[in-house]
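Below is one structure, written out as C-alpha coordinates, with a few remarks after it.
The values are calculated or read from the model by the stated rules, or taken from the named source; none is laboratory data. Quick caveat, the model's predicted, so the values are computed rather than measured. Cβ: placed from backbone, ideal geometry, glycine included. Neighbour counts: every protein chain shown. For accessibility, only protein heavy atoms count, side chains too; no ligands or nucleic acids. Shrake-Rupley method; radii C 1.70, N 1.55, O 1.52, S 1.80 Å.
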Amino acid sequence: MRMKARFVSLLAIGCALGLPRGAAAQDTTVAPGVRLGLNYDPGTKPGVIVLPVQDEYGDDSLRTIVQRDLDYSDRMNVIALDAETLSGLVPAAGQKINFALVGKFGAALLVRMTPTTQGLHVAAYDVARGQLLQSEHFLFDRRDRDWRFAVHGLSDQIENWVFGKRGIAQTRIAYVNDGMLRIVDSDGSETRSITTGKGALSPAWSPTGESVVFTVLGNNGTQVEELDVRRGGTRRISQIRAGLNITPIYQPDGSGILYAQGTGNGTDLIFAGFEGEPRRITAGRGTDNTSPSYSPDGHQIAFISGKSGNPQVYIMDADGSNVQLLVPYTVGTRSYRASPDWSPDGRAVAYEQQNGNFQIWMIDVRDRNPKQLTSDGENEDPSWAPDGRHIVFSSTRSGDKQLWILDTESGRTRQLTHSRGARLASWSPILANPEVGTYSQ
(Lines give C-alpha, C1' and ligand atoms only; values in the text may rest on other atoms or scores of the structure.)
Protein backbone atom coordinates (compact mmCIF):
# COMPACT_ATOMS: atom_id res chain seq x y z
CA MET A 1 0.00 0.00 0.00
CA ARG A 2 1.43 3.38 -0.97
CA MET A 3 1.87 5.88 1.80
CA LYS A 4 0.06 8.51 -0.32
CA ALA A 5 0.96 11.80 1.28
CA ARG A 6 -1.68 12.00 3.93
CA PHE A 7 1.19 14.02 5.29
CA VAL A 8 0.52 16.56 2.56
CA SER A 9 -3.06 17.08 3.68
CA LEU A 10 -2.02 17.34 7.30
CA LEU A 11 0.62 19.86 6.35
CA ALA A 12 -1.88 22.13 4.72
CA ILE A 13 -4.67 22.08 7.26
CA GLY A 14 -2.82 21.74 10.55
CA CYS A 15 -0.46 24.00 12.39
CA ALA A 16 2.07 21.22 12.63
CA LEU A 17 3.05 19.77 9.30
CA GLY A 18 3.86 16.27 10.28
CA LEU A 19 2.06 13.53 12.02
CA PRO A 20 -0.28 12.81 14.83
CA ARG A 21 1.64 13.54 18.00
CA GLY A 22 2.07 9.86 18.76
CA ALA A 23 4.08 9.43 15.58
CA ALA A 24 6.14 12.60 15.71
CA ALA A 25 9.63 12.59 17.18
CA GLN A 26 9.48 15.77 19.25
CA ASP A 27 12.72 16.21 21.15
CA THR A 28 12.18 19.72 22.42
CA THR A 29 11.10 20.40 25.97
CA VAL A 30 8.90 23.45 25.87
CA ALA A 31 6.32 24.54 28.40
CA PRO A 32 2.73 24.53 27.09
CA GLY A 33 1.84 27.79 25.37
CA VAL A 34 5.47 28.85 24.91
CA ARG A 35 6.75 29.29 21.35
CA LEU A 36 10.44 29.03 20.72
CA GLY A 37 11.86 31.64 18.33
CA LEU A 38 15.23 32.31 16.81
CA ASN A 39 17.71 34.82 18.18
CA TYR A 40 18.80 37.27 15.49
CA ASP A 41 19.31 40.98 15.07
CA PRO A 42 16.07 42.93 14.41
CA GLY A 43 15.80 44.31 10.90
CA THR A 44 18.09 41.64 9.44
CA LYS A 45 17.50 38.36 7.65
CA PRO A 46 18.88 35.50 9.76
CA GLY A 47 21.49 33.39 8.01
CA VAL A 48 20.67 29.69 7.61
CA ILE A 49 22.84 26.71 6.73
CA VAL A 50 21.07 23.55 5.56
CA LEU A 51 23.30 20.52 6.04
CA PRO A 52 23.60 17.87 3.29
CA VAL A 53 21.17 14.95 3.41
CA GLN A 54 22.77 11.52 3.25
CA ASP A 55 20.46 10.08 0.59
CA GLU A 56 20.35 13.05 -1.77
CA TYR A 57 19.63 12.12 -5.36
CA GLY A 58 19.06 13.80 -8.71
CA ASP A 59 19.31 17.47 -9.58
CA ASP A 60 16.53 18.50 -7.20
CA SER A 61 17.48 17.02 -3.85
CA LEU A 62 15.73 17.48 -0.53
CA ARG A 63 18.37 19.93 0.58
CA THR A 64 18.19 21.92 -2.66
CA ILE A 65 14.40 22.23 -2.42
CA VAL A 66 14.50 23.41 1.20
CA GLN A 67 17.30 25.88 0.49
CA ARG A 68 15.41 27.32 -2.45
CA ASP A 69 12.18 27.57 -0.46
CA LEU A 70 13.87 29.44 2.38
CA ASP A 71 15.63 31.73 -0.09
CA TYR A 72 12.39 32.48 -1.96
CA SER A 73 10.70 33.37 1.33
CA ASP A 74 12.86 36.54 1.34
CA ARG A 75 12.97 36.25 5.13
CA MET A 76 16.21 34.26 5.42
CA ASN A 77 19.70 34.46 3.98
CA VAL A 78 20.69 30.99 2.76
CA ILE A 79 24.44 30.55 3.21
CA ALA A 80 26.01 28.50 0.42
CA LEU A 81 29.17 26.64 1.44
CA ASP A 82 31.37 24.31 -0.60
CA ALA A 83 31.32 20.58 0.03
CA GLU A 84 34.60 20.55 1.94
CA THR A 85 33.49 23.26 4.34
CA LEU A 86 30.12 21.62 4.84
CA SER A 87 31.75 18.28 5.65
CA GLY A 88 33.57 19.99 8.50
CA LEU A 89 30.27 21.14 10.00
CA VAL A 90 28.64 17.70 10.07
CA PRO A 91 29.32 16.08 13.43
CA ALA A 92 30.37 12.46 13.52
CA ALA A 93 28.24 9.91 15.35
CA GLY A 94 28.18 10.69 19.05
CA GLN A 95 29.73 14.16 18.61
CA LYS A 96 28.06 17.50 19.26
CA ILE A 97 27.57 20.28 16.74
CA ASN A 98 30.34 22.87 16.84
CA PHE A 99 28.06 25.92 17.07
CA ALA A 100 30.96 28.32 17.42
CA LEU A 101 32.30 27.19 14.05
CA VAL A 102 28.85 27.35 12.43
CA GLY A 103 28.39 30.89 13.74
CA LYS A 104 31.62 32.05 12.10
CA PHE A 105 29.94 31.61 8.71
CA GLY A 106 27.19 34.05 9.67
CA ALA A 107 24.50 31.47 10.41
CA ALA A 108 21.82 32.07 13.02
CA LEU A 109 19.99 28.85 12.11
CA LEU A 110 21.25 25.36 11.28
CA VAL A 111 18.90 22.82 9.68
CA ARG A 112 19.67 19.12 9.77
CA MET A 113 17.52 16.54 7.93
CA THR A 114 17.92 12.82 8.61
CA PRO A 115 16.11 10.21 6.46
CA THR A 116 14.08 7.59 8.29
CA THR A 117 12.28 4.48 7.09
CA GLN A 118 9.02 6.43 6.83
CA GLY A 119 10.09 9.95 5.97
CA LEU A 120 12.41 12.58 7.35
CA HIS A 121 13.45 13.84 10.76
CA VAL A 122 14.10 17.58 10.73
CA ALA A 123 15.91 19.51 13.43
CA ALA A 124 16.47 23.27 13.52
CA TYR A 125 19.13 24.71 15.82
CA ASP A 126 19.55 28.21 17.25
CA VAL A 127 23.26 28.78 16.61
CA ALA A 128 23.69 31.72 19.00
CA ARG A 129 22.19 29.81 21.91
CA GLY A 130 23.85 26.57 20.88
CA GLN A 131 20.67 24.59 21.34
CA LEU A 132 17.83 22.87 19.55
CA LEU A 133 15.09 25.25 18.45
CA GLN A 134 12.57 22.67 17.30
CA SER A 135 12.40 19.27 15.65
CA GLU A 136 9.81 16.97 14.18
CA HIS A 137 9.43 13.76 12.22
CA PHE A 138 7.63 14.10 8.87
CA LEU A 139 6.04 11.25 6.96
CA PHE A 140 6.17 11.22 3.18
CA ASP A 141 6.93 8.80 0.38
CA ARG A 142 9.35 9.77 -2.38
CA ARG A 143 7.57 7.37 -4.73
CA ASP A 144 4.55 9.63 -4.61
CA ARG A 145 4.35 12.20 -7.41
CA ASP A 146 3.67 14.99 -4.91
CA TRP A 147 6.63 14.28 -2.65
CA ARG A 148 8.20 17.60 -3.63
CA PHE A 149 5.06 19.40 -2.50
CA ALA A 150 5.31 17.67 0.87
CA VAL A 151 8.89 18.95 1.19
CA HIS A 152 7.61 22.49 0.53
CA GLY A 153 5.41 22.05 3.60
CA LEU A 154 8.47 21.05 5.60
CA SER A 155 10.16 24.32 4.55
CA ASP A 156 7.07 26.27 5.64
CA GLN A 157 7.19 24.66 9.04
CA ILE A 158 10.83 25.66 9.49
CA GLU A 159 9.73 29.25 8.89
CA ASN A 160 6.98 28.78 11.43
CA TRP A 161 9.51 27.64 14.02
CA VAL A 162 11.65 30.71 13.38
CA PHE A 163 9.09 33.47 12.83
CA GLY A 164 5.86 32.09 14.27
CA LYS A 165 4.25 32.22 10.82
CA ARG A 166 4.12 29.60 8.10
CA GLY A 167 5.81 30.20 4.78
CA ILE A 168 4.21 30.07 1.32
CA ALA A 169 6.29 27.37 -0.36
CA GLN A 170 3.40 24.90 -0.17
CA THR A 171 1.18 26.90 -2.53
CA ARG A 172 0.45 26.80 -6.24
CA ILE A 173 -0.32 29.38 -8.88
CA ALA A 174 -3.02 28.94 -11.51
CA TYR A 175 -2.62 30.80 -14.78
CA VAL A 176 -3.63 30.84 -18.45
CA ASN A 177 -1.31 29.76 -21.25
CA ASP A 178 -2.37 29.07 -24.82
CA GLY A 179 -6.01 29.08 -23.77
CA MET A 180 -5.53 26.36 -21.13
CA LEU A 181 -5.48 26.57 -17.36
CA ARG A 182 -2.21 25.46 -15.82
CA ILE A 183 -0.84 25.33 -12.31
CA VAL A 184 2.73 25.54 -11.08
CA ASP A 185 4.35 25.20 -7.66
CA SER A 186 5.41 28.47 -6.08
CA ASP A 187 9.08 27.69 -6.80
CA GLY A 188 8.38 27.29 -10.55
CA SER A 189 8.49 23.48 -10.66
CA GLU A 190 5.87 20.83 -11.44
CA THR A 191 3.90 22.70 -14.10
CA ARG A 192 0.81 20.85 -15.27
CA SER A 193 -2.36 21.58 -17.25
CA ILE A 194 -5.72 21.24 -15.50
CA THR A 195 -7.81 21.79 -18.65
CA THR A 196 -7.28 20.41 -22.13
CA GLY A 197 -9.53 22.67 -24.21
CA LYS A 198 -8.97 26.25 -25.31
CA GLY A 199 -10.70 29.43 -24.25
CA ALA A 200 -10.03 29.48 -20.49
CA LEU A 201 -9.63 32.88 -18.79
CA SER A 202 -9.35 34.48 -15.34
CA PRO A 203 -8.87 31.60 -12.86
CA ALA A 204 -9.44 32.21 -9.15
CA TRP A 205 -8.91 29.75 -6.28
CA SER A 206 -11.53 28.77 -3.73
CA PRO A 207 -10.79 29.61 -0.07
CA THR A 208 -9.79 25.98 0.58
CA GLY A 209 -7.73 25.61 -2.60
CA GLU A 210 -9.80 22.58 -3.63
CA SER A 211 -11.36 24.20 -6.70
CA VAL A 212 -10.86 26.95 -9.26
CA VAL A 213 -13.50 29.15 -10.84
CA PHE A 214 -12.81 30.56 -14.30
CA THR A 215 -14.32 31.81 -17.55
CA VAL A 216 -14.65 29.69 -20.69
CA LEU A 217 -14.85 31.41 -24.08
CA GLY A 218 -17.11 29.54 -26.51
CA ASN A 219 -19.41 30.03 -29.47
CA ASN A 220 -22.14 31.57 -27.31
CA GLY A 221 -19.99 34.00 -25.38
CA THR A 222 -18.21 33.47 -22.10
CA GLN A 223 -19.48 31.28 -19.29
CA VAL A 224 -18.36 30.93 -15.68
CA GLU A 225 -17.42 27.41 -14.62
CA GLU A 226 -15.98 25.76 -11.54
CA LEU A 227 -13.32 23.05 -11.67
CA ASP A 228 -12.69 20.55 -8.89
CA VAL A 229 -8.89 20.58 -8.98
CA ARG A 230 -8.60 17.17 -7.36
CA ARG A 231 -11.19 15.24 -9.36
CA GLY A 232 -11.53 17.26 -12.56
CA GLY A 233 -15.33 17.70 -12.60
CA THR A 234 -16.89 21.03 -13.64
CA ARG A 235 -20.23 22.75 -13.29
CA ARG A 236 -21.64 25.96 -14.74
CA ILE A 237 -22.03 28.92 -12.40
CA SER A 238 -23.47 31.60 -14.67
CA GLN A 239 -27.21 31.32 -15.15
CA ILE A 240 -27.53 32.20 -18.86
CA ARG A 241 -26.50 30.23 -21.92
CA ALA A 242 -25.02 33.11 -23.90
CA GLY A 243 -23.48 36.51 -23.38
CA LEU A 244 -20.67 38.01 -21.38
CA ASN A 245 -19.81 36.43 -18.02
CA ILE A 246 -16.27 37.21 -16.84
CA THR A 247 -13.76 37.74 -13.95
CA PRO A 248 -15.26 35.35 -11.35
CA ILE A 249 -14.04 35.10 -7.75
CA TYR A 250 -15.16 33.21 -4.65
CA GLN A 251 -16.65 34.90 -1.64
CA PRO A 252 -14.11 34.50 1.21
CA ASP A 253 -16.40 32.17 3.16
CA GLY A 254 -16.87 29.99 0.08
CA SER A 255 -20.66 30.46 0.00
CA GLY A 256 -20.85 31.76 -3.56
CA ILE A 257 -19.16 33.33 -6.56
CA LEU A 258 -19.09 36.96 -7.69
CA TYR A 259 -18.60 37.70 -11.38
CA ALA A 260 -19.29 40.35 -14.03
CA GLN A 261 -22.20 39.91 -16.43
CA GLY A 262 -22.61 42.06 -19.53
CA THR A 263 -25.94 43.15 -21.00
CA GLY A 264 -27.13 45.87 -23.36
CA ASN A 265 -27.14 48.21 -20.37
CA GLY A 266 -23.52 47.82 -19.30
CA THR A 267 -21.71 45.23 -17.21
CA ASP A 268 -22.60 44.56 -13.59
CA LEU A 269 -21.34 42.41 -10.75
CA ILE A 270 -23.57 39.42 -10.00
CA PHE A 271 -23.40 37.32 -6.85
CA ALA A 272 -24.34 33.68 -7.41
CA GLY A 273 -24.69 31.96 -4.06
CA PHE A 274 -24.61 28.18 -3.95
CA GLU A 275 -28.10 28.51 -2.49
CA GLY A 276 -30.78 30.93 -3.66
CA GLU A 277 -31.12 33.09 -6.75
CA PRO A 278 -28.29 35.26 -8.20
CA ARG A 279 -28.49 38.92 -7.28
CA ARG A 280 -27.12 42.06 -8.90
CA ILE A 281 -24.60 44.00 -6.79
CA THR A 282 -23.95 47.03 -9.01
CA ALA A 283 -26.08 49.16 -11.33
CA GLY A 284 -24.02 49.82 -14.46
CA ARG A 285 -26.45 52.14 -16.26
CA GLY A 286 -24.41 51.89 -19.43
CA THR A 287 -20.97 51.57 -17.79
CA ASP A 288 -18.86 48.50 -17.08
CA ASN A 289 -18.17 47.14 -13.59
CA THR A 290 -15.76 44.19 -13.61
CA SER A 291 -12.78 42.48 -11.94
CA PRO A 292 -14.04 42.22 -8.34
CA SER A 293 -11.82 41.36 -5.39
CA TYR A 294 -13.13 40.79 -1.85
CA SER A 295 -11.50 42.13 1.27
CA PRO A 296 -10.36 39.19 3.45
CA ASP A 297 -13.34 39.57 5.80
CA GLY A 298 -15.78 39.67 2.89
CA HIS A 299 -17.23 43.01 3.96
CA GLN A 300 -15.95 45.07 1.01
CA ILE A 301 -15.24 44.65 -2.68
CA ALA A 302 -12.61 46.34 -4.83
CA PHE A 303 -13.60 46.50 -8.50
CA ILE A 304 -13.13 48.33 -11.79
CA SER A 305 -15.68 50.81 -13.10
CA GLY A 306 -15.67 52.98 -16.20
CA LYS A 307 -18.08 55.52 -14.75
CA SER A 308 -15.40 58.26 -14.89
CA GLY A 309 -14.73 57.64 -18.59
CA ASN A 310 -11.63 55.47 -18.05
CA PRO A 311 -11.45 52.33 -15.91
CA GLN A 312 -10.62 53.18 -12.29
CA VAL A 313 -10.38 51.23 -9.02
CA TYR A 314 -13.31 51.64 -6.61
CA ILE A 315 -14.36 49.97 -3.39
CA MET A 316 -17.81 49.38 -1.99
CA ASP A 317 -19.57 47.42 0.71
CA ALA A 318 -20.33 43.82 -0.22
CA ASP A 319 -24.02 44.63 -0.78
CA GLY A 320 -23.14 47.30 -3.38
CA SER A 321 -23.59 50.34 -1.14
CA ASN A 322 -21.09 53.03 -0.12
CA VAL A 323 -19.18 53.16 -3.44
CA GLN A 324 -15.91 55.11 -3.18
CA LEU A 325 -13.03 55.86 -5.54
CA LEU A 326 -10.01 54.04 -4.09
CA VAL A 327 -7.17 55.19 -6.34
CA PRO A 328 -7.14 58.96 -6.93
CA TYR A 329 -6.86 60.31 -10.47
CA THR A 330 -6.69 63.73 -12.15
CA VAL A 331 -9.67 64.64 -14.33
CA GLY A 332 -8.57 65.18 -17.93
CA THR A 333 -5.37 63.14 -17.52
CA ARG A 334 -5.33 59.88 -19.43
CA SER A 335 -5.10 56.98 -17.02
CA TYR A 336 -6.22 53.35 -16.94
CA ARG A 337 -6.35 51.21 -13.83
CA ALA A 338 -7.48 47.60 -13.70
CA SER A 339 -7.11 44.11 -12.13
CA PRO A 340 -7.35 45.00 -8.42
CA ASP A 341 -6.44 42.31 -5.88
CA TRP A 342 -7.00 42.82 -2.15
CA SER A 343 -4.10 41.65 0.01
CA PRO A 344 -4.75 38.75 2.43
CA ASP A 345 -3.91 40.96 5.42
CA GLY A 346 -6.50 43.51 4.27
CA ARG A 347 -4.09 46.44 4.29
CA ALA A 348 -3.55 47.08 0.57
CA VAL A 349 -4.92 46.59 -2.92
CA ALA A 350 -2.58 45.81 -5.82
CA TYR A 351 -3.58 46.82 -9.34
CA GLU A 352 -2.20 47.60 -12.80
CA GLN A 353 -1.96 51.14 -14.11
CA GLN A 354 -1.28 52.50 -17.57
CA ASN A 355 0.53 55.80 -17.92
CA GLY A 356 2.52 54.71 -20.94
CA ASN A 357 3.39 51.06 -20.18
CA PHE A 358 1.30 49.03 -17.76
CA GLN A 359 2.91 48.76 -14.34
CA ILE A 360 1.99 47.16 -11.01
CA TRP A 361 1.00 49.52 -8.21
CA MET A 362 -0.39 49.07 -4.72
CA ILE A 363 -2.36 51.41 -2.50
CA ASP A 364 -2.77 51.39 1.27
CA VAL A 365 -6.49 51.13 1.98
CA ARG A 366 -6.28 53.49 4.96
CA ASP A 367 -4.02 56.32 3.85
CA ARG A 368 -4.85 55.98 0.11
CA ASN A 369 -1.19 56.50 -0.81
CA PRO A 370 -0.36 54.77 -4.15
CA LYS A 371 3.06 53.15 -4.59
CA GLN A 372 4.57 51.97 -7.88
CA LEU A 373 6.09 48.49 -7.61
CA THR A 374 7.42 47.76 -11.12
CA SER A 375 9.06 49.71 -13.93
CA ASP A 376 10.77 47.18 -16.22
CA GLY A 377 8.70 46.11 -19.26
CA GLU A 378 4.91 45.76 -19.31
CA ASN A 379 3.52 44.37 -16.05
CA GLU A 380 -0.09 43.33 -15.49
CA ASP A 381 -2.58 41.25 -13.48
CA PRO A 382 -1.17 41.15 -9.92
CA SER A 383 -2.21 38.43 -7.46
CA TRP A 384 -1.16 38.33 -3.81
CA ALA A 385 0.46 35.36 -2.08
CA PRO A 386 -1.11 34.17 1.21
CA ASP A 387 1.65 35.97 3.16
CA GLY A 388 0.47 39.43 1.99
CA ARG A 389 4.04 40.18 0.98
CA HIS A 390 4.67 38.57 -2.42
CA ILE A 391 2.83 39.23 -5.67
CA VAL A 392 2.76 37.19 -8.89
CA PHE A 393 2.18 39.12 -12.13
CA SER A 394 2.68 38.82 -15.88
CA SER A 395 5.60 40.73 -17.38
CA THR A 396 7.40 41.21 -20.69
CA ARG A 397 10.73 42.04 -19.02
CA SER A 398 12.31 38.78 -20.24
CA GLY A 399 11.35 39.46 -23.88
CA ASP A 400 8.01 37.64 -23.90
CA LYS A 401 5.13 37.48 -21.45
CA GLN A 402 5.96 35.32 -18.43
CA LEU A 403 4.94 35.15 -14.78
CA TRP A 404 7.22 36.82 -12.27
CA ILE A 405 7.15 37.05 -8.48
CA LEU A 406 7.87 40.26 -6.58
CA ASP A 407 8.73 40.67 -2.91
CA THR A 408 7.00 43.96 -2.11
CA GLU A 409 9.25 44.60 0.91
CA SER A 410 12.69 44.18 -0.69
CA GLY A 411 11.79 44.72 -4.36
CA ARG A 412 13.39 41.40 -5.32
CA THR A 413 11.90 39.70 -8.39
CA ARG A 414 12.26 36.21 -9.83
CA GLN A 415 10.89 34.55 -12.95
CA LEU A 416 8.32 31.83 -12.27
CA THR A 417 7.36 30.43 -15.69
CA HIS A 418 9.27 29.76 -18.90
CA SER A 419 6.39 29.25 -21.34
CA ARG A 420 5.65 32.15 -23.67
CA GLY A 421 2.30 33.84 -23.13
CA ALA A 422 1.73 33.00 -19.44
CA ARG A 423 -0.78 35.43 -17.93
CA LEU A 424 -3.79 35.96 -15.64
CA ALA A 425 -2.23 34.35 -12.57
CA SER A 426 -4.00 33.53 -9.33
CA TRP A 427 -2.06 32.53 -6.19
CA SER A 428 -3.62 29.74 -4.15
CA PRO A 429 -4.12 29.66 -0.39
CA ILE A 430 -2.26 26.98 1.56
CA LEU A 431 -3.61 23.89 -0.15
CA ALA A 432 -5.62 21.30 1.73
CA ASN A 433 -5.08 18.59 -0.88
CA PRO A 434 -2.64 19.03 -3.78
CA GLU A 435 -3.92 16.19 -5.97
CA VAL A 436 -4.63 17.46 -9.47
CA GLY A 437 -7.00 16.10 -12.11
CA THR A 438 -7.55 16.96 -15.76
CA TYR A 439 -10.74 17.49 -17.70
CA SER A 440 -11.65 18.15 -21.33
CA GLN A 441 -13.83 21.12 -22.25
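Annotation: amide H of Val50 within the under-5 Å range of Ile79, Val111, sequence separation 5 or more or interchain, hydrogens built in the peptide plane. For the chain, the pair-distance distribution built from all alpha carbon pairs, in bins 20 Å wide starting at 0, is 24, 52, 21, 2 percent. Ordered by 1.4 Å accessible area with all protein chains kept, Asp82, Asp228, Asp69 run largest first as Asp82, Asp228, Asp69. So, in Å, what gap is there between the alpha-carbon centers of the stretch 303-336 and the stretch 53-95? Cα centroid of the stretch 303-336 versus Cα centroid of the stretch 53-95: 49 Å apart.
When each of the peptides 356-362, 300-306 is scored by the mean number of other C-beta atoms lying within 10 Å of its residues, the order from highest to lowest reads 300-306, 356-362. Simple spin-label estimate for Lys45 and Thr64 gives 2.1 nm between the two label positions (7 Å along the Cα-to-Cβ direction from each Cα). Entry for the stretch 71-125 at q = 0.13, 0.21, 0.23 Å⁻¹: log10 I(q)/I(0) = -0.39, -0.97, -1.11, Debye formula applied to identical alpha-carbon scatterers, no solvent contribution.
The Cα-based radius of gyration and maximum Cα-Cα distance (Dmax) for the stretch 133-224 are 16.8, 59 Å. Counting every C-alpha pair in the stretch 239-356, the share spaced more than 24 angstrom apart comes to 23%. Length available on full extension from Thr85 to Arg397: 0.36 nm per residue minus the Cα-Cα distance, which gives 108.6 nm. Note on Phe105: accessible area is roughly 70 Å² with a 1.4 Å probe, heavy atoms of protein only.
Taking θ as phi - 60° and the Karplus parameters 6.51, -1.76 and 1.60, the scalar couplings of the stretch 305-315 work out to 9, x, 5, 8, x, 10, x, 9, 8, 10, 10 Hz in sequence order, x denoting glycine and proline. Between Arg412 and Asp317, residue separation times 0.36 nm minus the direct Cα-Cα distance comes to 30.8 nm.
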